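The values are calculated or read from the model by the stated rules, or taken from the named source; none is laboratory data. All values derive from a computational prediction rather than experimental measurement. Here the Cβ positions follow ideal geometry from the backbone for every residue, glycine too, while neighbour counts run over all protein chains shown.
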Amino acid sequence: MNSVLSSSNPLFLSILLLFGSNIFMTFAWYGHLKNLRESPLWIAIAVSWGIAFFEYCLQVPANRIGSQTLSLGQLKIVQEIITMVVFAGFSILYMNQSLKLDYLWASLCLIGAVYFVFRGG
């Protein structure tokens, strides 16, 4: 049974790894703004580097696996969509930020980017 949701499907596995990678990336880039605001900058940098290590442990294989079925441009736009989804969840759930209507318009622009990158021709 070769299902789209099968872990043996390179596209699904790549997307799954990219989601995990982006969770680590988002915490590495922005988590220190909440947790380490009062800490010295060098501590925030060291902690962020430590978190980023795990991001790369997922991101590098995700890109290698994803490149089996996607072009470089397609792989990049998929990663950007995942980044925005993860960032929206992070902003709301972890940083207690509200999303604005402008984020909806920006998301629609990203959907347009997906269309142009994936259309044939």
Matching residues in region 57-113 (farther than 19 Å from Ala28 by Cα, aliphatic (A, V, I, L, M) and free of Cβ contacts under 8 Å to residues at least 40 places away in the same chain) number 9
Out of curiosity, is Ile15 at pLDDT 95 or above, in contact with a Phe, Trp or Tyr (Cβ under 7 Å, 6 or more places away or on another chain) and surrounded by 15 or more Cβ atoms within 10 Å (Cβ to Cβ)? no
Test: Phe87 is under 21 Å from Gly112 (Cα atoms), among the aromatic types (Phe, Trp, Tyr) and assigned to a helix (DSSP H, G or I): yes
Which residue is surrounded by the most Cβ atoms within 10 Å (Cβ to Cβ), if the candidates are limited to region 35-74 and must be more than 30 Å from Gly120 (Cβ to Cβ) and among the polar types (S, T, N, Q)? Ser48
List every residue pair whose Cβ atoms sit under 6 Å apart, with the two residues 6 or more apart in sequence or on different chains, where the first one lies in region 34-47 and is farther than 24 Å from Gln97 by Cβ and the second, anywhere, is of a type in the set (Asp, Glu) and outside any loop (DSSP other than H, G, I, E, B). none
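Specify the residue that is nearest to Ile92 (Cα to Cα); the eligible residues are those in region 20-72 that are outside any helix (DSSP H, G or I) and of a type in the set (S, T, N, Q).
Our first condition is that a residue be outside any helix (DSSP H, G or I); within region 20-72, this holds for 36-40, 67-71.
Subset that is of a type in the set (S, T, N, Q): 39, 67-69, 71.
Numbers: Ser39: 24, Ser67: 31, Gln68: 34, Thr69: 33, Ser71: 32 Å.
Of everything passing the filter in region 20-72, Ser39 is nearest to Ile92 (Cα to Cα).
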